[in-house]
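Engineer: After the structure tokens below, expect a handful of questions from me.
The values are calculated or read from the model by the stated rules, or taken from the named source; none is laboratory data. Note that the structure is a prediction, hence the values are computed from the model and not measured. Methodologically, a virtual Cβ is constructed for each residue, glycine included, from the backbone with ideal geometry; neighbour enumeration extends over all protein chains shown.
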């Protein structure tokens, strides 16, 4: 039975116009230009997260390959107090433009404190994961990244492969729902402060892009392909979230997370770099939530902030999903509050949800 709950718990003008034409805010479409890109899997053994390390969780760096042969980097979290029986596990990804040292790692560590084996990972082409060129996204490959994380978890002796769930945050909330619709090994899914990236890139915020504007965007993206082909490498937009004043409030909120000590990480696209200008191309014709109803009969929990500019993504997904489903609207929370604000992220409910459905 469905539930809806509230809880307290480029650089030149043409490049700038191309970014604007996609209908995606700087925050949503903003890694380092090729010359200074982080090398894949140049992993550090020191604690490099934006959140403190838990004394109740064991942590280790891991790597695994997806179906396309791209090596992904992950952080595996295990509860220190665990018996000999295999545990339920969660694959955690997102937000769009973030790395595993940020929000997904916080979710993963917190759920490990609650008794789950968890894996936060960097998507293909970003962070410490492999893939060239750097800082590109794909609705297909990034959906596959979730299933590759499930592959990895299910091969671990400490994990019961019949009790695996998924958490997707922000843009990876939509990827998570898409992955779970197809990957019947996953038994339950949570999407927190979810973005449907294919919808926002193809239609703009609140579906405000006209067919004429969409056509103009595709012309510009197509012409950018010629420029990239002539140069032999992709062009990138300006560094993400360098505010000039006058930006929409939600962009200011993104900057307050990604560009300040609260959430800044040098490997994150949204903190320190930008996506390739042609990244929107593969999102324009691939609506990833088309088959969301096929998640059923496995349960879906959608969580969104009352004051989030992106709330409509979860509300639409909730209306389209089949039973069993639940939508939690968090009072007074904006989009980025659900990245890291421990008093607003409903970890108790998330723990109960997976505790019930991965039992």
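Engineer: In segment 109-124, what residues are buried (at least 24 other Cβ atoms within 10 Å of the Cβ), more than 13 Å from the chain's Cα centre (by Cα) and not in a helix (DSSP H, G or I)?
Structural biologist: Correct list: 116, 117, 118, 119.
Engineer: Any chance segment 82-102 includes a residue that's outside any strand (DSSP E or B), modelled with pLDDT under 95 and at positive phi?
Structural biologist: no
Engineer: Got at least one residue in segment 179-197 being touching a strand residue (DSSP E or B) at 6+ places or on another chain (Cβ under 7 Å), modelled with pLDDT of 95 or more, within 25 Å of residue 340 (Cα to Cα) and in a helix (DSSP H, G or I)?
Structural biologist: Yes - at least one qualifying residue is present in segment 179-197.
Engineer: Which members of segment 204-220 meet the condition of being out of contact with any helix residue (DSSP H, G or I) (no Cβ under 7 Å at 6 or more places or on another chain) and outside any helix (DSSP H, G or I)?
Structural biologist: Listed by number, the residues that qualify are 204, 208, 210.
Engineer: What is the number of the single condition among (1) surrounded by 20 or more Cβ atoms within 10 Å (Cβ to Cβ); (2) assigned to a loop (DSSP other than H, G, I, E, B) that residue 313 does not meet?
Structural biologist: (2)
Engineer: Another question, then. Where residues in segment 319-345 are buried (at least 19 other Cβ atoms within 10 Å of the Cβ) and within 18 Å of the chain's Cα centre (by Cα), which of them is nearest to residue 105 (Cα to Cα)? If you could, list the steps in order and put the result at the bottom.
Structural biologist: Looking only at segment 319-345, we keep the residues that are buried (at least 19 other Cβ atoms within 10 Å of the Cβ), and these are 321, 325-330, 333-339, 344-345.
Next, only the ones that are within 18 Å of the chain's Cα centre (by Cα) stay: 334-339, 345.
Working: 334: 20, 335: 18, 336: 15, 337: 15, 338: 13, 339: 10, 345: 14 Å.
Ranking the qualifying residues of segment 319-345, first place goes to 339.
Engineer: Further question on the same structure: Which residue is nearest to residue 345 (Cα to Cα), if the candidates are limited to segment 288-309 and must be in a loop (DSSP other than H, G, I, E, B) and under 17 Å from the mean Cα position of the chain (by Cα)? Steps first, answer last, please.
Structural biologist: Step one: list which residues in segment 288-309 are in a loop (DSSP other than H, G, I, E, B), which gives 288-291, 296-299, 306-309.
Now narrow it down to the ones that are under 17 Å from the mean Cα position of the chain (by Cα): 288-289, 308-309.
Working: 288: 25, 289: 24, 308: 13, 309: 17 Å.
The qualifying residue nearest to residue 345 (Cα to Cα) is 308.
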